[in-house]
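Visitor: Quick one: the structure is below, questions incoming.
The values are calculated or read from the model by the stated rules, or taken from the named source; none is laboratory data. A quick note: this is a predicted structure, and the numbers were derived from the prediction, not measured. Using ideal geometry, Cβ is built from the backbone for each residue, glycine included, and neighbour counts are taken over all protein chains shown. Side chains included, ligands, DNA and RNA excluded: accessible areas come from the protein's heavy atoms. Shrake-Rupley method; radii C 1.70, N 1.55, O 1.52, S 1.80 Å.
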Amino acid sequence: MRIVPLLVSALLTWGAIHLFNTQLSVGGSKTPRLGYFLSPQHGFWQNAESTETNYNENVVIKDLQGKVEVYIDDRLVPHIYADEDNDAYYVQGYLHAKFRLWQMEFQTHVAAGRLSEIVGKERIPTDQFFRRLGMVYGAEKTKAFVEKNNPEMQSAIDSYAKGVNAYIAQLKPEEIPFEYKLLDYKPEAWTSLKTYLFQMFMSYDLTGRGAVTDLQMSNARNYFGYKDFDRLFTDVQDSLDPIIPKGTVYAKPAIKVVPPTDVQTAYLGDTTGSSTAMAPFVPNKSNGSNNWVVGGSKTKSGRPILANDPHLGLNLPSLWFEVQISTPTHRTYGASFPGSPAVIIGFNDSIAWGVTNAGRDVLDYYEMKFKDSTLNEYWYNGQWVKAEKRTETIKVKDSANVIENIAMTVFGPTMYDHHYKNTGTGGKNLALRWTAHDGGSGLLAFYKLNHAKNYEDYLEAISHWNTTGQNFAFASKTGDIALKQQANFVARWYRQGDFILPGQDSTYAWQGYIPTNENPMIKNPERGFVSSANQKSTDKTYPYYLGAASNFPVYRGVIINRKLTALSNATAQDIQKLQMDNYNVFAEMARPVIMKYVNQPALTSDEKKYLDIMNSWNLVSDVNEKGATVFNVLWDSLETSIWGDEFAGATTNIGWPDEITLLESLQRDSLYSFADNIKTKNKVETISDAVMEAIKKATVVLQKADKEGKLGWAAFKDTRVSHLLKIKPLSALHLPIGGGRHIINATTETHGPSWRMIVHMTDEIEAYGVYPGGQNGNPGSKYYDTFIDYWATGKYYPILFLHLKDAPTHKRIKWLMTFTKA
C-alpha cells in the first residue's frame, strides 16, 4: 500500500513543479513563472536595493583604449572622464545598461514590432502596425548610411554597444532587472541597429501622428466636403505669433513648387471612399516643447540664458538620463537617451542648445493600384512596375509566427492592403512616404553639438539633422543667440499631404526638399530673445507650405513671447519661474467670449455659483484653483455643444477641430452657423443657446467633482507618471502640480515637461535641471523616482559641471567607478 502515497506525493510534486514553472492566465493577462519570480536566490526580492548601496567599483574590461574614471554625485549622476571619445561612449553604454537596461531594450522591442515575442499574441496588432510602418526598414537604411558616410559616428555607436554588452556579460541572474523577471524573458546582446531603432521610436513619437491624421483629414474632407472642411480645419490662425517675427523678408525660393493641374478635382474635391484605419499607439498631440534664449541685453549678468523643456509622455523609468562626458575634445553635460550615445539636450564649456518639435509634415500616404491580389506589380507612370517584397517575421510567445509580406513601392512600404485591411474602403492600398525611411546621419548632429565651440560649429552640426523637424535654440559664452528650424522639409504646395495623395504617377510626388539655407532661422534679433513653442515658424510670407494648422499649437508661443518681451535684468531664477508659469492666455481670450453669450436670468443657483468661480478666477492654473477646473470643463462642454451634432453622423474616425478654430470663429462671427443643432427641426440655435447648454452639461460634472473634493485644479487634472507597463504601485500618482494645455507649464494628465533645463552662459556655467523620475530604473532603488517631488513643486537641482581636478574632493561626489583595460 505504500505505493499509493508515493504516487500521490509524486503527482503533487509534479503539479507543483509545473505550476511554478508556468505562466498562468489571470484576468486577461499572465502571471510570471512563480517559481522563478519568487525564488529567494534569483527572484524579484533580489532587486530590492539597500538605501546604503555602495556604487564604488573597479571594472576590468578588454575593449578600452585607456583608463576611464566615473565620479558619481549625490543624485546618482555619473561624471565620465576618459582619454578617448570612444572610451567615454563605451562607458556611457555600460552605465545606461547598469541603470536602465530593461527600459532601453523594451523601447527598441516596441519600435521593432517585437512585443508579441515577450508578451504574447495580444500584441500582434501593435507589432504588425510598426512592421508595416517600416520601423525596422528605416533603422536599417540609417545604419547603412552611417556606416558608409560617417565612420566617426558609427565608431561611437559601436563603442556604445560594446559597453552595453560588457555590462550584460557580467550580469548575474539575480541582478536581472525586475521587469524581465515579471515578463519572463532575458536581456539579449545590444547592437548598433538597436540604437537606430530607438531613433525610429523617437521619430514616430514626434512625427508619427501623420500616420493617423492624414486618414482623419481625408475622412473629414469626404464627410463634410472641402468647403466646410476648410472652415472646420482652417489654415487661418489670427492669434499666431510665429517663431520668426512677422515682417521678416524671405529670400526667393530655390524650388518653385507647382501643384498638379487637377488638384481641385482629383485631390481637394475627391470624396471617394474613406478610411477607418487607426494606429494601436497614437503619438500624443501635445508632443511639443518650449525653448527660448534671452540675450545679454535682457539679463542681469549681460550673458545669455537658455531654457528648454521638452513635453513628452510622463513615464517611469524616465526617457532621460543625466550625464557628464569629459574627454580631451569636449566637456559636455545634459540629458541623454538610454539607448544612444552622447548628450541630446545640454551644454558644454562654450555653448548650450535645446530643441523643440517643429511640427512639420514629413509623412504622406499614397493610394496605389496593384495589378492583382498578389501585389507583385503596381501601376505607375503608365506602366506596371514590379513591387519588391519585404518579409517581416513576427515571433509570438507560445504561438505560431506571423508573416508580413510587404509590397515596396516607389514611395515606400505599402502600409495598408487586403492583408492588412483598411476596412472603410474594403481594402484601399496605401503606401507610405516618410523621411524617416530615407536614412541619414541624425545622431551626428548631437555628436557634433557635444563638441561645438561657437555659432559656426552649431550651424554645421545641426545641418546633419534630416529626419524629424526640430527647432534648435543656441546660446554661446561669446553672447550669440540663435534659433534654426532644421530637417529635410518637403517643399509642398498648399494642402499637399494633408489628405491621401493619388499614387498612380509622379504628379503628386514630392518635388524636392527645401534647401537648408532656406529653413527658418534667426540670430541675435533686436528684440533680445529667440523662442519656440511648436507654433508655426513663419507667417504666410514664407514661400513654402508648412503643413496643416492643426499641427501647430498657438497659445504657448503667444504667452512666452509676451513675457520675454517684458523681461529685463533677468536671472536664472527668473527663468525658472517662467518655465513654471501657469497663466492661461487661452482662457484670457475665451472667457470674455463665453460670458458675452450667457443669459444670466436663465441660470440656476448652481450654474451661477460655478460661473462666478470662473469669473473671479485670476487665470492662473495653480494647484488649488477652482476657476481653472470650471473653465476647462465648461470649454469642453461648449465644444461638445457646437460640434457634437455635426460630427455624430460620421461613420469613420474624424478628430474634432482645434480649440483655436472654435475660439477664433466665435470671436469673428456672432452668427456662427455651426452653433445650430442640426438635429432639432424648425429651430435655429444660436451661440447663446450653445453656451447655455454647455453650462448645464458642465454643472453636472462640476457638482460631482465638488462632492468628491476634486474641484481644485490639480485634483481634477490628476497628473501621474506611470511605469512603462502601467503598473500602478510602480507609478507616481495624484501629483500636486498645476499647468495644462496652452500654458507654459504644459503639464496635463499624463504628459508634460519631461526635462527642465536652464543654462546661464557665465564664465563658470550656472545650470539647473530636473526631470520627473530618477537616475536608476530599478523600482527597488531609492533613486527610482527621487526627482518627482522637486519636479512637481517647481524646484530645480543645481547642476554639477565639474573639471576632473575638482571631482575627487567635491562634497557632492559620493562614489567612484574606474574602468581599466584587461
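Visitor: So which trypsin sites (Lys or Arg not before Pro) in region 341-393 end up in coil per DSSP with only 14 or fewer other C-beta atoms within 10 Å?
Guide: Taking region 341-393 and a limit of 14 other Cβ atoms within 10 Å, the loop trypsin sites (Lys or Arg not before Pro) found are Lys369, Lys371.
Visitor: What is the spin-label model distance, in nm, from Thr265 to Asp606 if the labels are put 7 Å beyond Cα along the C-beta direction?
Guide: With each label point 7 Å from Cα toward Cβ, the separation is 5.8 nm.
Visitor: Return the sequence-ordered ³J(HN,Hα) values of region 442-451 in whole Hz as given by the Karplus equation 6.51 cos²θ - 1.76 cosθ + 1.60 applied to θ = phi - 60°, using x for Gly and Pro.
Guide: x, 4, 4, 4, 6, 4, 6, 4, 4, 9
Visitor: Then there is this: Give the aspartates and glutamates whose C-alpha is closer than 12 Å to that of Lys563, dropping any in the same chain fewer than 8 places away, or say none.
Guide: Straight-distance partners of Lys563: Asp574, Asp581.
Visitor: Now, a different point. Per residue, how much accessible surface does region 90-156 expose to a 1.4 Å probe? Answer in Å², no decimals.
Guide: 29
Visitor: What FRET efficiency, computed as 1/(1 + (r/R0)^6) with R0 = 60 Å and r the Cβ-Cβ distance, is obtained for Asp806 and Ile3, rounded to the nearest 0.05?
Guide: E between Asp806 and Ile3, to the nearest 0.05, is 0.20.
Visitor: Could you give the length gained by full extension between Lys681 and Glu460, i.e. 0.36 nm per residue of separation minus their alpha carbon distance, to one decimal place?
Guide: Full extension of this stretch gives 73.2 nm more.
Visitor: Additional query: Give the calculated FRET efficiency between Asp74 and Asp228 to the nearest 0.05, with a Förster radius of 60 Å applied to their Cβ-Cβ distance.
Guide: Step by step, r from the Cβ atoms, then E = 0.50.
Visitor: Tell me the mean residue ellipticity at 222 nm calculated for the chain from its helices only (DSSP H runs of n ≥ 4, each -39500 (n - 2.57), averaged over every residue, nearest 500).
Guide: Counting only the DSSP helices, I get -10000 deg cm²/dmol.
Visitor: Please give the per residue volume of the convex hull enclosing the alpha carbon atoms of region 728-806, rounded to a whole number of Å³.
Guide: So the per-residue hull volume is 111 Å³.
Visitor: Please state the equivalent ellipsoid semi-axes for region 630-730: what are the square roots of 5 times the Cα gyration tensor eigenvalues, largest first, in whole Å?
Guide: Taking √(5λ) for each Cα gyration eigenvalue gives 31, 18, 13 Å.
Visitor: Right, something else. Report, to the nearest whole %, how much of the accessible area of the chain belongs to carbon and sulfur atoms, 1.4 Å probe, protein only.
Guide: 53
Visitor: List the relative contact order of the chain as a percent without decimals, with contacts defined as Cα pairs under 8 Å and 6+ residues apart.
Guide: This gives 19 percent for the chain.
Visitor: Return the Rg/Rh value of region 428-528, two decimal places, where both radii are evaluated on C-alpha atoms and Rh is the Kirkwood radius.
Guide: 1.08
Visitor: Hey, another quick one. Which whole-number percent is the relative contact order of region 459-555 (Cα, under 8 Å, 6+ apart)?
Guide: Value for region 459-555: 29 percent.
Visitor: Oh, and also: Would you be so kind as to identify which of Leu634, Leu663, Ser731 lies farthest towards the positive end of the dipole of region 613-732, taking Lys and Arg as +1 and Asp and Glu as -1 on Cβ and the Cα centre as origin?
Guide: So the residue furthest toward the plus end is Ser731.
Visitor: Given DSSP loops and a limit of at most 14 other Cβ atoms within 10 Å, what is the longest stretch of the chain that contains no such GluC sites (Glu not before Pro)?
Guide: 189-525
Visitor: Would you kindly state how much longer the chain becomes between Lys62 and Lys256 on full extension, computed as 0.36 nm times their sequence separation minus their alpha carbon distance, in nm to one decimal?
Guide: Separation in residues times 0.36 nm, less the Cα-Cα distance, equals 64.2 nm.
Visitor: Can you tally the net charge around Ile813? Count Lys and Arg as +1, Asp and Glu as -1, for every other residue whose Cβ sits under 13 Å from the Cβ of Ile813.
Guide: Charge balance near Ile813 sits at +1.
Visitor: May I pose another question? Calculate the FRET efficiency for Lys795 and Glu388 from the Cβ-Cβ distance with a Förster distance of 51 Å, rounded to the nearest 0.05.
Guide: E between Lys795 and Glu388, to the nearest 0.05, is 0.40.
Visitor: For region 350-506, how big is the tail of P(r) above 20 Å, as a whole percent of Cα pairs?
Guide: When every Cα pair of region 350-506 is considered, 62 percent fall beyond 20 Å.
Visitor: Which value, in Å² rounded to 10, gives the accessible area of Trp493 with a 1.4 Å probe and all protein chains present?
Guide: Near enough 10 Å² of accessible area.
Visitor: For region 677-822, count all C-alpha to C-alpha pairs, find those more than 21 Å apart, and express that count as a whole percent of the total.
Guide: 65
Visitor: Find the accessible area per residue for region 451-580; the probe is 1.4 Å, ligands and nucleic acids are left out, and the unit is Å².
Guide: Value for region 451-580: 32 Å² per residue.
Visitor: Let me ask you something else. Mind checking the full-extension length gain between Thr478 and Thr191? Use 0.36 nm per residue of separation minus the Cα-Cα distance, one decimal, nm.
Guide: 99.3 nm
Visitor: Starting from one equal scatterer on each C-alpha and no solvent at all, send me the Debye-based log10 I(q)/I(0) for region 391-477 at q = 0.11, 0.24 Å⁻¹, two decimals.
Guide: Here log10 of I(q) over I(0) equals -0.56, -1.12.
Visitor: In addition: Run through the DSSP bridge list for the chain and note the antiparallel percent, rounded to the nearest 5.
Guide: Counting only bridges with both partners in the chain, antiparallel ones make up about 90 percent.
Visitor: Sticking with this structure for a sec: Modelling each spin label as a point 7 Å along the Cα-to-Cβ direction, I'd like the Leu733/Ser673 distance in nm, to one decimal.
Guide: Once both label points are built, they end up 4.9 nm from each other.
Visitor: While we're looking at this one, here's another question. Can you find, among Asn450, Trp465, Val490, the residue sitting farthest towards the positive end of the charge dipole of region 432-522, where Lys and Arg contribute +1 and Asp and Glu -1 at Cβ?
Guide: Most positive-ward Cα: Asn450.
Visitor: Sticking with this one: Give a quick list of trypsin sites (Lys or Arg not before Pro) in region 641-717 that DSSP marks as loop, anything other than H, G, I, E or B, with at most 12 other Cβ atoms within 10 Å.
Guide: Lys679, Lys681, Lys683
Visitor: Over the Cα atoms of the chain, what radius of gyration and what Dmax do you get, in Å?
Guide: Both quantities, over Cα of the chain: 27.8, 101 Å.
Visitor: Can you return the lysines within cross-link range of Lys395? Criterion is Cα-Cα under 16 Å, with same-chain partners fewer than 8 residues away left out.
Guide: The qualifying lysines are Lys121, Lys186.
Visitor: Right, another one. What is the dipole size for the chain, taken about its Cα centre, with +1 at each Lys and Arg Cβ and -1 at each Asp and Glu Cβ, in debye to the nearest 20?
Guide: It works out to roughly 660 debye.
Visitor: In the chain, if the dipole is taken from +1 on Lys/Arg beta carbons and -1 on Asp/Glu beta carbons about the Cα centre, which of Gly557, Tyr513, Trp384 is farthest to the positive end?
Guide: After comparing all options, I get Trp384.
Visitor: Which whole-number percentage describes the relative contact order of region 729-822, with Cα contacts under 8 Å and a sequence gap of 6 or more?
Guide: With pairs under 8 Å counted, the relative contact order is 19 percent.
Visitor: Turning to a different aspect of this structure: Once you put a point 7 Å from the Cα of Thr651 and another 7 Å from the Cα of Asn376, both along the Cβ direction, what distance in nm separates them?
Guide: 3.5
Visitor: Moving on to the next point. Let me understand region 540-668 better: what is its radius of gyration from the alpha carbons, and its Dmax, in angstrom?
Guide: My reading of the Cα-based Rg and Dmax gives 18.1, 56 Å.
Visitor: Then there's this: Mind scanning Lys62/Lys98; Lys246/Lys448; Lys626/Lys707; Lys252/Lys523; Lys181/Lys397; Lys536/Lys717 and naming the pairs with a C-alpha gap bigger than 22 Å?
Guide: Among Lys62/Lys98; Lys246/Lys448; Lys626/Lys707; Lys252/Lys523; Lys181/Lys397; Lys536/Lys717, the Cα-Cα distance tops 22 Å for Lys246/Lys448; Lys536/Lys717.
Visitor: Give me D for region 43-106 in µm² s⁻¹, whole number, from Stokes-Einstein with Rh from the Kirkwood sum over alpha-carbon pairs, 20 °C and 1.002 mPa s.
Guide: Using the Kirkwood radius from Cα pairs, D works out to 159 µm²/s.
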